[in-house]
Amino acid sequence: MFGYGRSNFTWNGTLRELEGSCPTCFTERGRPSMTASTSSSSGLEVLLSTLQNAGDVESTLNILNVLDELLSAGTDRRIHYMISKGGSEALLTALVNTGRSFSPNYTLLLPLLHLLAKVGHRDRRIGVKAEDAGAALLTLNLLRHNVKHARRAAACLWVIQVFSSSVSTANLIGENHGLDVIYRLIPQYTTKHLHAIKAAIDAFAALLCTKANVCSVVSKGYVSGLLRLYGDWHAKATQHAAMAICHSLLRCLHKVTHSTAGRQAFVSQGGIRLLYGTTQTCLLSKGLESLVEPSVQLMRKCLPKTPLPLTSDRSAYTFPMPGRPHAVPDMDAEPDENSEESDDEEAEDNKEADFDDDLETDLSKLRLRPDPDRPKELLPQYNRLCPELSHDFQELGLSSEPEESSTASSSSSSSDEEAAPLNGSQCHGSRRGAARSESSASSSGSHSETDPEGPAPAAAQLEARDFHSHSSILSTSPSFRTKVREARDEASLGQGGEDQGDEEEDADNHRTMIDRLLERRGACIPHHEPKLYRAAAAKTKSIPGFSILAFPDFWGHLPPPGHESMAPRKPNIQRQKVFEDAQRFLSTDGIINQVVFDLEDSSLQCPSDTLKFFSKFECGNLRKAVQVRRNEYDLILNADANSCQHTQWFYFEVSNMVAAVPYRFNVINCEKSNSQFNYGMQPVLYSVREALEGKPHWVRTGTEICYFRNHFCPARGRRRTTFYTLTFTITFKHNEDVCYLAYHYPYTYSALKAHLKVLQKSVDPAKVFFQQQVLCGTLAGNACPVITITACPASRSWIDMHQLRNRPCIMLTGRVHPGESNASWVMKGTLEFLCSSDPVAQSLREAFVFKIIPMLNPDGVINGTNRCDLNSEDLNRQWCKPNPVLSPTIYHTKGLLYYLSSIGRTPLVFCDYHGHSRKKNVFLYGCSVKETLWQSGSAVNTVGLKEDPGYRTIPKTLDRLAPAFSFNSCNYLVEKSRSATARVVVWREMGVLRSYTMESTHNGCDQGIYKGLQTGTRELQEMGMMFCHSLLSVTKDVKALCSQSLISQIDLDHNVLDHKSHNCFEDDEPPCVEEIEYSADCPALKGADLDSDVNGNTASADEEEEGDEERREAEQRRGGVGQSQQSSAKGRLFPHLARQASAETLGENRNACNGQITS
């Protein structure tokens, strides 16, 4: 509360006094914009009107007292109400009227400036209003007149700080040399007038919101001055006020370094070295620790941009597009902001558009079904993908009991390799490796695979080269060398001495060695056969022509026996990594910077004492490894094929390690702005030695894990890309082991093919109709499988066959994004459950026909891409009008959906399996007209809209059944940026009510029985099984399909929601322990902080005025000597101005209007 002019203050007395001194303002209309009669005006409007028209100082001071009391007693809502009633304009008008006089009355100006600072800080248009009223330059002129009067200067500086919220106003003040005036008010360390010094620094920082002002500051060399000031204040700061000044100086440096020139000046003037030294001091003193975080942010922000050590930003894998044999997509195009994350993750890197603006509000687009993208004449070609409609089941008699026969198995398992792909799909082989002997796909586009069990020369070569790689690497391990030698010796027994080709002999030896090793050491892994995998991999076609198998994919994986908890985040770990990077910049001692692996240079020889890396195998991704320090490596990922972006997925082999030594790995070109690695997620590791000892597990591993923005930039520097570092430390258990590291549990295309073979062998052909077919060929010539699963009819009677032909369809798809390998593990759980003898699975097969396309992007999976297909496009953004040549899998999947709709068998449920890198738990995204309109705030009246709420049935059921599922994370909004995704297109064009995207976390759960645990392959497969369970809820007559015991086991009561996820209303992620976005500015000065500063200046007003009066009386008695001492005392307010005291005193006499005036 202000205390000027009155010692005894009462509300009634003040109002009576106002009424007596200015009666007309209560009864007459003054200025049209601000005054009103008492019958129609509020008390606040009357006060504001009186403030502009009051003629005497006492009345104005009383009004200011009343306003300050009103605004100080309540919340900010009172201030915003005052602003809405023209409060800012009234204060500005009063300021201009009072300040324009030849000799301003500072008894009136000070409380006016203080109140304007408080109110203006909450008014987002205060700068524009001040500029229009002429108050901005007036305040700057008042500051010039009062540079030696700390209290008045502080008041002017706070108002200038508030005005600078407008870019145009800040530029106006800068053009009139406001920056120079304010900069000269910032002294070296002193203990006097700290509130005025802090006000000067805060105003200086506020003016740096514009590029013009920043350029001016850099060109005048003020950056070095700010650094010197910070160093001086930091070295001597011992009290809280001085600490606040250090914070304000850091805020100035943050503002300056928003520009490239500012960052360059900061680095050239030793800013990083200064901050590195001061933060080390801060860490030793608890009182200075608050300076560490802004200093760390500033260091990270200003580390010079370092190009990635690559010859090109373009992927190491290129693939000629059909019709454009030499064409390569534009590598310098800006990244697609909508394809940054999984389908329904918001693009967090670009927040210019509000989320609600992305929601579709056009009712016609939400409700009207668009015309098909192809003529109906093309749809009959898809009838072959519905074998359940044409199969005659001749092996079944007319009786109700099925006969024992294997004929069904031949029909349900052989056609997968015999069926040709659909017309319109062209296959383009890309096998360039010498180990491949298969011919390229024919130009006609037909695709036919031979039986993988039969002889295949390429398979033999793949076996040999595969195990040769591992035996040569692993032979350094004595135990493994013994195993290999034994296998080789036994393989050589009984061989004749006839001359044979070296390659053939080598292949036979290694094949025998693998067989014997599998017999002795192989683990019994359900639904996995290494030999079958090897045969499938031999036919897989890749861009580089892979000839080596990754050991985990060949040998197989078993989930670890127990659950794995999320990794605890070590306090200040990210700060530590920033310090290490800064130290790496400041000192080159111990820095090696030696390339030890290069995907594009197979002749590279690395030293014998370094880790060895390899990634040229299916699903692998590591482009280059650089040894930075003795046990630290920078890893660079390969961009998606034919692209220069989408780097996130990694999978590589590492060997030649020393046990019990911590190795730090830095993946330095990740692109997502945040990751679950900041929230307890760990990468996965597979040890070959552990696998051979009976523990073939992918396990979560790594300590000191964090994910943050780094200082690297693209090699060419042409594409504006921000890179992030994933850093983690691993201590290997065994010497000279061979280990594999991956972003998430790998699941290859060859694993899928082998898994499908195992499944079709496992089903009972008399009960399960399982048929694998080829949907189409991919760009690289790989087959995209589609599987049909349903129950065989009890007999060939008309009733049973009619029931089969009329079963509703359910379509499931997955792995459209190669980096989301968790989607394949969920799909694996779904497939195994549907093929099992479980009574629920049997009920589902009897109720539905399942059409499953488990891998929509085989080429991307094979070549280790993260997001795109070989055409460098996100396939899940091609569903509106897919190109039959460039996006064949999407084109023909959509064609199959069109065909099913055309014959009256529109799928009852469609679900696309995905993975989510930024959220925990498993959840569904669906589509709802009403919920989209409600969320968007659309003016459309939704009362009359009728919408089937059945789209919520499956999520509600899953919420009760699946421990990893979170109902609260589900949403059913239709976004414009997702209009070309599978979920939205199938809902809109095919009319599938229950069209979903199922997102599975890469990390773990924060609710339910899995809370605090990372999900493994066991939990992911369980989720696939639980999704199948939830499908029972969409049947019309559940009781007719399964027994009462089954119904009681699966509670389908929709009125009871008992899952714990309903008690967890967290939006996305909890805040990270530390900031990860180092381009962010220091926290802006809050309104409460500014109010506190202003109130502190006000509280000392009376005391300083009394002191001023005493000094003036003493100086008058001392005469001229007193005048000299007065100048000296006032100079000490800002010590570095003391030298200019005499010159400025002369200036006051010559330039009374424009010079420095003392009081």
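The values are calculated or read from the model by the stated rules, or taken from the named source; none is laboratory data. These numbers were taken from a predicted model, which means no experiment stands behind them. Heads up, the Cβs are rebuilt from the backbone with ideal geometry, glycines too, and the neighbour counts pull from every protein chain shown. Areas reflect the complete protein model, heavy atoms only, side chains present, ligands, DNA and RNA absent. Shrake-Rupley method; radii C 1.70, N 1.55, O 1.52, S 1.80 Å.
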For segment 513-609, averaging the sequence separation of alpha carbon pairs under 8 Å that lie six or more residues apart and dividing by its residue count, the contact order in percent is 20
Any residue on another chain or 5+ positions along whose placed amide H is under 5 Å from the amide H of Val596 is listed here as Ala625, Val626, Gln627
Under the rule rounded for a/c under 1.5, else prolate if a/b exceeds b/c, else oblate, using alpha carbon gyration tensor axes a ≥ b ≥ c, segment 241-314 is classed as prolate
Expected unfolding gain across Asn572-Gln803 under the 0.36 nm per residue rule, minus the alpha-carbon gap, is 76.8 nm
For the table Lys531/Lys695; Lys236/Lys301; Lys539/Lys733; Lys541/Lys767, the rows whose alpha-carbon distance is greater than 28 Å are Lys539/Lys733; Lys541/Lys767
Residues meeting the amide H criterion for Trp698 (H placed from the backbone, H to H distance under 5 Å, 5 or more places apart or on another chain) are Leu558
Shape call for segment 550-625, from the Cα gyration tensor axes a ≥ b ≥ c (a/c under 1.5 means rounded, otherwise prolate when a/b beats b/c, else oblate), comes out oblate
Output for segment 811-873: trypsin sites (Lys or Arg not before Pro) sitting in coil per DSSP, at most 15 other Cβ within 10 Å, listed by number, reads none
With every protein chain kept in place and a 1.4 Å probe, the residues Lys946, Lys1011, Lys305, Lys894 fall, from largest accessible area down, as Lys946, Lys1011, Lys305, Lys894
Lys and Arg at +1, Asp and Glu at -1: neighbours of Ile903 with Cβ under 12 Å from its Cβ sum to +3
Expected vector for segment 674-687, Karplus 3J(HN,Hα) from phi with 6.51, -1.76, 1.60 and θ = phi - 60°, integer Hz, x for Gly and Pro, equals 8, 7, 5, 4, 7, 10, x, 6, 10, x, 10, 9, 10, 9
Env charge @ Gln381, Cβ radius under 14 Å, K,R +1 / D,E -1, value +3
Violations at 24 Å Cα threshold for listed pairs Lys881/Lys976; Lys148/Lys192; Lys930/Lys1011; Lys753/Lys881; Lys577/Lys672; Lys305/Lys577 -> Lys930/Lys1011; Lys753/Lys881
For segment 706-855 the mean separation of alpha carbon contacts under 8 Å (6+ apart) over residue count, i.e. relative contact order in percent, is 23
Karplus-derived 3J(HN,Hα) from phi for segment 530-535 (6.51 cos²θ - 1.76 cosθ + 1.60, θ = phi - 60°), whole Hz, x at Gly and Pro, runs x, 5, 5, 5, 4, 5
Inter-part gap, Cα centre of segment 258-298 to Cα centre of segment 71-113, in whole angstrom, is 38
Here the gain from full extension of Val699 to Asp357, 0.36 nm per residue of separation minus their alpha-carbon distance, amounts to 118.9 nm
Looks like segment 857-1012, by Cα gyration tensor root eigenvalues a ≥ b ≥ c and the a/c under 1.5 rounded cutoff (else prolate when a/b is bigger than b/c, oblate otherwise), is oblate
Once Asp56 and Asp76 are pulled to full extension, the length gained, defined as 0.36 nm per residue separation minus their Cα-Cα distance, is 4.2 nm
Charge tally for neighbours of Phe732 with beta carbon under 14 Å away, counting Lys, Arg as +1 and Asp, Glu as -1, is 0
Which residues qualify? For Gln1014, with a placed amide H closer than 5 Å and at least 5 residues away or on another chain, they are Glu564, Ser565, Met566
For segment 951-966, Karplus-derived ³J(HN,Hα) couplings (6.51, -1.76, 1.60; θ = phi - 60°; whole Hz; x for glycine and proline) come out as 5, 8, 5, 5, x, 5, 5, 4, 5, 8, 9, 9, x, 8, 8, 10
